[in-house]
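Undergrad: Before I ask anything, here is the structure I am working with.
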Amino acid sequence: MIEAAPLEPGLAEAASAFAAAPPPSAIRKIIHVDMDAFYASVEQRDDPTLKGRPVAVGHGAARGVVAAASYEARAFGVRSAMPSTTALRLCPHLVFVRPRFEVYRAVSRHIHLIFADYTDLIEPLSLDEAYLDVTRNTRRLASASDTAQEIRARILSATGLTASAGVSYNKLLAKLGSDMRKPNGQYVIPPEAGPGFIATLPVERLPGVGPVTAAKMRALGLVVAADLRDRDATWLSDRFGKMGAAFHRMAFAEDDRPVRPDRERKSAGSETTLRTDLSSADAIETVMTRMADDVWAWREKHQALARTVTVKLKFADFRIATRSRTLAQPVTDRAMFDETCRELLHRLMPPEKGVRLVGVSLQGFADEAAQAGPQLALPF
């Protein structure tokens, strides 16, 4: 998952859920927690000389790519997935730091232990973000907002890192809310405010709307989410495929997907839609490594056994290409996993067109961990 523009694993799955999920039996209280510039913030925390300076996690070589950028670097226009040469041109005093994924994974595990003190219903999206269903008020706090505030304070105390949060009655609004007051803030969207909140958002803010889709929408006169309400779901599906119905529901702030840590998986993956198309094999491999790191962190947490590795690319013309390999034994060695991912990616190189999405997934599970919990009322 690239930090600048993450998508939840399985866009098609999300589209189906938006279009067909049954309504919840009670109003949920959902928190989306998103660490602030996670990789770069860890580096600034561990090296005091980096505090307040523009930092990029990645390789600063001529063909390197920015994996993550601090807020000081973002002020100069530096973004994830940007070529190192471009980043240095925008910010000549940018400091490059090599990624330390083992450290990021350890910090992420610590943060998830904090989450577990508040709910069993935790749906990780990556090392640095997760959904929490806190409808059941196990800590006897006054509201879901207070719960988010306490979680963020504990993360800061335990790790020295800040987190932002969105609090709402569904996953869509909670995720959008967590971006509203970054860094180190939170935003609450109660049920009565949901439709109004989303109505004025630019279409680019909706999950699944990348630069190409946004341009197509604007050409059709769809500028803000409210414009999507004026078109019926069939009209949108004719022009945007299976995501059309999902976009229509999003425009009305509708999202009935539960937080499901126990969902049965045929696959587990991570993918990201990039802000700018990539054509460099090195740049694409850097993004793929981020996706592979997220998938492996999930595999380790759940001790899942899978035999099939898949790498997925979506090109600028929306054509999708995948390459898979099924191994004789379940993938339990990280080096084997990484080597398989690189081998599969190299089969797709060089790309015929720019790449707008990169994904990695595991399939063919032999074992699954599952957990569930009841939901009771908690005010916002």
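Undergrad: Which aspartates and glutamates have a Cα lying under 17 Å from the Cα of residue 312, excluding residues fewer than 8 positions away in the same chain?
TA: Reachable aspartates and glutamates: 8, 13, 271, 277, 282, 285, 293, 294, 338, 339, 343, 352.
Undergrad: Rounded to the nearest 500, what is the chain's calculated 222 nm mean residue ellipticity when only DSSP H runs of at least 4 contribute -39500 (n - 2.57) each, over all residues? Working shown, then result.
TA: Details: 14 runs with 141 residues, N = 380.
Only helices count here, giving -11000 deg cm²/dmol.
Undergrad: Follow-up. Name the most mobile residue of 281, 306, 335, meaning the one with the largest mean-square fluctuation, in a Gaussian network model of the chain with Cα contacts below 10 Å.
TA: Checking each option, the largest mean-square fluctuation is seen for 335.
Undergrad: Going through the cross-link list 175/242; 175/314; 182/301; 182/216; 175/301; 29/175, which pairs have a Cα-Cα distance over 19 Å in this structure?
TA: From 175/242; 175/314; 182/301; 182/216; 175/301; 29/175, over 19 Å: 175/242; 175/314; 182/301; 182/216; 175/301.
Undergrad: Let me ask another. Given springs between every Cα pair under 10 Å in a Gaussian network model of the chain, which of 186, 363, 303 has the largest fluctuation?
TA: Fluctuation is largest for 303.
Undergrad: Right, something else. Putting +1 on Lys and Arg Cβ atoms and -1 on Asp and Glu Cβ atoms, find which of 224, 38, 170 reaches farthest to the positive end of the dipole of the chain.
TA: Of the options given, the answer is 224.
Undergrad: To make sure I understand the rule: partners must be aspartates and glutamates, Cα under 17 Å from the Cα of residue 51, and not fewer than 8 residues away in the same chain. Which ones qualify?
TA: 36, 43, 72
Undergrad: Let me ask something else. Can you tell which of 358, 311, 223 shows the greatest fluctuation in a Gaussian network model of the chain with Cα springs below 10 Å?
TA: Looking only at 358, 311, 223, the biggest GNM fluctuation is shown by 223.
Undergrad: Can you bin segment 267-367 into rounded, prolate or oblate? Criterion: square roots of the alpha carbon gyration tensor eigenvalues sorted a ≥ b ≥ c, rounded for a/c under 1.5, prolate for a/b above b/c, oblate for the rest.
TA: It is prolate, given that a/c is not under 1.5 and a/b is the larger ratio.
Undergrad: Neighbouring Cβ atoms within 10 Å as the yardstick, rank 71, 169, 39, 104 fewest first.
TA: Numbers: 71 15, 169 24, 39 28, 104 21.
With the fewest neighbours first, 71, 169, 39, 104 line up as 71, 104, 169, 39.
Undergrad: Under a point-charge model restricted to the Cβ atoms of Lys and Arg (+1) and Asp and Glu (-1), what is the dipole moment magnitude of the chain relative to its Cα centre, in debye to the nearest 20?
TA: The calculated dipole for the chain is roughly 440 debye.
Undergrad: Now a separate question. Test of understanding: ordering 119, 276, 234, 340 by Cβ neighbours within 10 Å, fewest first, what list do you get?
TA: 234, 276, 340, 119
Undergrad: Please report the base-10 log of the normalised intensity I(q)/I(0) for the chain, using a Debye sum with one equal scatterer per alpha carbon and no solvent, at each q in 0.06, 0.10, 0.14 (1/Å).
TA: -0.22, -0.64, -1.34
Undergrad: Taking the number of other C-beta atoms within 10 Å as the exposure measure, put 341, 91 in order starting with the fewest.
TA: With the fewest neighbours first, 341, 91 line up as 91, 341.
A short reminder: the numbers here are calculations on the coordinates, not readings from a lab. This is a predicted model, so every value here is computed, not measured. Counting neighbours? That spans all protein chains shown, and the Cβs are built from the backbone with ideal geometry, glycine included.
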